[in-house]
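What follows is a short report on a single structure.
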Amino acid sequence: MTTKSGRALMADALADAAWKASTYSNDTGGSCVEVADVTRTHSCIGIRDSKNPAGPALLFTPDAFTGFITGMNEGRFNRS
């Protein structure tokens, strides 16, 4: 993870974030993705694997996150 200045952002820097699990996540280990709005502290939206909360997180600007979600909904990232 990096900040806008390119410096490393360690996982513990997001430890107090309010992570929310995807509605596709379940208790049997399927699709465990969590999202946190950390725009107040880091000017971004975070995404991480809930099975590895101390691991890396993807950080998106709010506009990039909106584009990512739009692309997902439009099927732009589906594998053929």
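Could you please tell me which pairs satisfy a Cβ distance under 9 Å, a separation of 6+ or placement on different chains, a first residue in the stretch 15-31 that is over 13 Å from residue 51 (Cα atoms), and a second residue that is hydroxyl-bearing (Ser, Thr, Tyr) and modelled with pLDDT of 75 or more?
As it stands, the answer is 16/41; 17/41, since those pairs meet every condition given.
Going through the stretch 38-80 one residue at a time, which ones are in contact with a Cys (Cβ under 7 Å, 6 or more places away or on another chain), open to solvent by less than 100 Å² (accessible area, probe 1.4 Å) and either farther than 14 Å from residue 19 by Cα or modelled with pLDDT under 90 (or both)?
Result: 49, 50, 59, 60, 61.
I'm trying to understand the selection: among the residues of the stretch 41-80, which are among the polar types (S, T, N, Q), more than 16 Å from residue 12 (Cα to Cα) and not in a loop (DSSP other than H, G, I, E, B)?
66, 70, 73
Output the number of the condition that residue 26 fails; it satisfies all remaining conditions of (1) assigned to a loop (DSSP other than H, G, I, E, B); (2) modelled with pLDDT of 90 or more; (3) not hydroxyl-bearing (Ser, Thr, Tyr).
Here residue 26 clears every test but (2).
With the requirement that a residue be at pLDDT below 75, surrounded by 13 or more Cβ atoms within 10 Å (Cβ to Cβ) and assigned to a loop (DSSP other than H, G, I, E, B), what does the stretch 8-23 give you?
9
The values are calculated or read from the model by the stated rules, or taken from the named source; none is laboratory data. Since the model is a prediction, treat every value here as computed from it, not as a measurement. Positions of Cβ are generated from backbone atoms using ideal geometry, with glycine treated the same way; all protein chains shown enter the neighbour counts. Protein only, heavy atoms only, side chains kept; ligands, DNA and RNA dropped before computing areas. Shrake-Rupley method; radii C 1.70, N 1.55, O 1.52, S 1.80 Å.
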